[in-house]
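Colleague: Right, I'll just put the structure down here and ask away after.
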Amino acid sequence: MNKRIYLLLLMLALGLEPLGAMHIMEGFIPLKWCIIWYLIALPFVVFSYRFVARQIKASPRMKSSFALAAAYTFILSALKMPSVAGSSSHLTGTTLGTLTIGPMAMPLVGAIVLLFQALLLAHGGISTLGANIFSLSIAGPFVAYALYRPLTSARLPKSLVIFIATFCGSMATYIVTSFQLAVVYPDTVTGVMGAAWKFLGIFAITQVPLSIIEGILTVIVLRLLEKSQAKTTTSVEASSTQSSTKSSLRPQFIWLSILAVVCLALPILAGLFDIGAGTDDQAGEMIGQLTPGFNPTPFLESFEPSEFAEPLLFALQVAIGIALFAWGYYQLIYKRHQTKQKEQEA
């Protein structure tokens with residue numbers, strides 16, 4: 001059954017027109033730099049896998065937390081949104097898992113999400129996977145966590161701390177991407193820093209409003225999850241029935257459902273309306289200016305989705321993320337309620 005699903009997805013991905021990809025596209029950096037970024041990123045992915053395995057073994061409830069973290073990244077990284085100056089870009093979605101499990105869980109999540117996009121959506125690339133893992137799921141999460149700890153110790157409002165960590169983590173991802181490209185394609189006059197400023201003018205400026213949106217969204221989702229857990233604990237202590245527990249969680253469930261529907265609709269709307277050139281396309285043009293005669297040379301040829309198929313595939317990614325989030329939410333809230341009830345009865 002799973003093989004049939006994958007075959008159907010690959011058939012849907014057969015397209016006529018190549019489109020821009022998220023992060024650094026296949027063939028945009030030389031093989032030498034692809035290898036370097038793989039060597040840097042792979043140890044993080046291996047340690048991330050071991051970290052997650054230890055966490056789940058120590059506490060089976062961590063399965064639900066990991067599912068929520070992976071689902072959130074799946075959903076948000078599929079959302080292409082309009083930004084300033086007629087440009088568009090994607091959210092990252094890595095901060096929820098960073099703050100609930102730890103930054104060491106995110107390299108594994110990022111590797112899964114980026115591999116999915118590279119194989120089925122032709123976004124990113126296999127040769128550039130190491131570079132994209134580093135920017136999305138290493139640099140961003142560790143910057144977010146590095147800010148979250150001291151800001152929490154400073155006793156600032158929790159929502160403000162979450163917002164700042166998310167905003168800076170999202171910005172860090174695209175700042176690192178800018179420098180990854182600048183090192184490979186330095187300006188002939190001003191060098192690496194000159195090229196970095198040019199790439200930052202594409203990625204960083206576009207990402208500012210999107211990072212603000214992601215910060216607000218992450219605050220909302222984390223608060224809804226916290227309220228759900230708090231109400232579950234309260235209802236158990238009060239020996240409430242399962243029906244009363246569901247009733248108390250209804251507002252959180254409704255809000256999360258509304259957010260899910262909006263996220264599912266966004267990729268379709270992005271395909272129907274012109275939301276501006278992607279930052280990846282603009283970065284390709286900038287590379288052409290810095291390196292006249294530049295022509296991307298993909299190391300691995302892959303099918304690319306057509307203009308019709310691309311939004312549908314991104315919607316599919318969101319749908320998978322929503323299903324995984326729903327499972328994680330059920331395990332985290334309702335299973336926890338049942339477990340605590342059994343413990344009280346015992």
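Every number in this text was worked out from the coordinates using simple rules, so none of it is lab data. Not measured: the values here are computed from a predicted model. When we count neighbours, we look across all protein chains shown, and the Cβ atoms used for this are built from the backbone with ideal geometry, even at glycine.
Colleague: Nearest 0.05, what FRET efficiency do residue 289 and residue 250 give at R0 = 41 Å with Cβ-Cβ as r?
Modeller: Approximately 0.15, to the nearest 0.05.
Colleague: Calculate, in whole percent, how much of the Cα-Cα pair population of region 13-154 lies beyond 18 Å.
Modeller: Tail of the P(r) past 18 Å holds 58 percent of the pairs.
Colleague: Report, in whole Å, the centroid distance computed from the Cα atoms of region 41-70 and region 154-190.
Modeller: Region 41-70 and region 154-190 have Cα centres spaced 24 Å from each other.
Colleague: Which net charge results when you count Lys and Arg as +1 and Asp and Glu as -1 among the other residues whose beta-carbon is under 12 Å from that of residue 165?
Modeller: Around residue 165, the surrounding residues sum to +1.
Colleague: Once you charge only the Cβ atoms, +1 for Lys and Arg and -1 for Asp and Glu, what is the size of the charge dipole of region 142-230 about its Cα centre, to the nearest 20 debye?
Modeller: 340 debye
Colleague: Another one. May I ask for the net charge around residue 51, where only other residues with Cβ less than 15 Å from the Cβ of residue 51 are counted and Lys, Arg are +1 while Asp, Glu are -1?
Modeller: Neighbourhood net charge equals +4.
Colleague: If one computes P(r) from the Cα atoms of region 129-239, what percent of pairs lie at distances over 26 Å? Before the final figure, lay out the partial values.
Modeller: Details: 2130 of 6105 pairs.
In whole percent, the long-distance tail amounts to 35.
Colleague: With the cut-off at 1.5 for a/c, could you classify region 27-98 from its C-alpha gyration tensor as rounded, prolate or oblate?
Modeller: Since a/c reaches 1.5 but b/c is at least a/b, the shape of region 27-98 is classed as oblate.
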